[in-house]
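The values are calculated or read from the model by the stated rules, or taken from the named source; none is laboratory data. Nothing here was measured: the structure is a model prediction, and the numbers come from that model. Glycine gets a Cβ as well: all are built from the backbone with ideal geometry, and neighbour counts include every protein chain shown.
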Amino acid sequence: MGRKTAKDPAIHKVNFRMNSSDYERLMRMFRESEQKNLSLFIISVMLNREMKVVKVDKSTMDYYMRLTTFYTQYQAVGNNYNQLVKAIKSNFGEKRGLAMLYRLEKTTIELISITKQLFALTDEFEKKYLAKKE
């Protein structure tokens with residue numbers, strides 16, 4: 001019953017003092033690491049353990065959400081496009097159908113242009129904000 005005992009429990013306590021500048025530096029590093037436990041952070045730093053820090057950039061998340069919404073709308077346009085072509089083929093004569101398909105073709109070219117701009121903006125965004133710093 002109760003809590004399971006750890007295989008290697010932490011039974012040793014280490015106590016040390018720091019001057020103000022070292023303490024401030026340590027606390028700044030701790031805040032930047034965004035870890036929750038100061039003791040685990042200090043142990044990681046002292047024993048050179050690998051620390052993984054994940055930072056979430058709100059603007060990147062916002063861009064990603066808008067891009068996802070745009071992709072959903074883009075899929076809907078594709079579905080509507082297919083339905084429209086089928087309706088034109090089955091409901092209109094050859095001349096009128098060709099005229100409507102010509103209009104649809106012009107709109108499709110505009111959509112392709114917008115898509116190319118979107119790809120260019122996304123590439124620029126990735127290079128500027130998502131580049132891995134080595």
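A few comments on the model shown:
- Single residue of Val14, Val45 found to be out of contact with any Asp or Glu (no Cβ under 7 Å at 6 or more places or on another chain), of a type outside the set (S, T, N, Q) and part of a loop (DSSP other than H, G, I, E, B): Val14
- Yes/no for Glu24 being farther than 30 Å from Leu121 by Cα, outside any loop (DSSP other than H, G, I, E, B) and among the acidic types (Asp, Glu): yes
- Ser20 of a type outside the set (D, E, K, R) and exposed (fewer than 12 other Cβ atoms within 10 Å of the Cβ): yes
- Here Ala99 fits the description: outside any loop (DSSP other than H, G, I, E, B), farther than 21 Å from Tyr71 by Cα and in the same structural domain as Ala76 (by TED's automatic domain parsing).
- Scanning the range 73-124 for residues that are among the β-branched types (Val, Ile, Thr) and under 30 Å from Tyr63 (Cα atoms) yields Val77, Thr107, Thr108, Ile109, Ile112, Ile114, Thr115, Thr122.
- Lone unmet requirement of (1) at pLDDT 85 or above; (2) outside any helix (DSSP H, G or I); (3) aliphatic (A, V, I, L, M) for Val56: (1)
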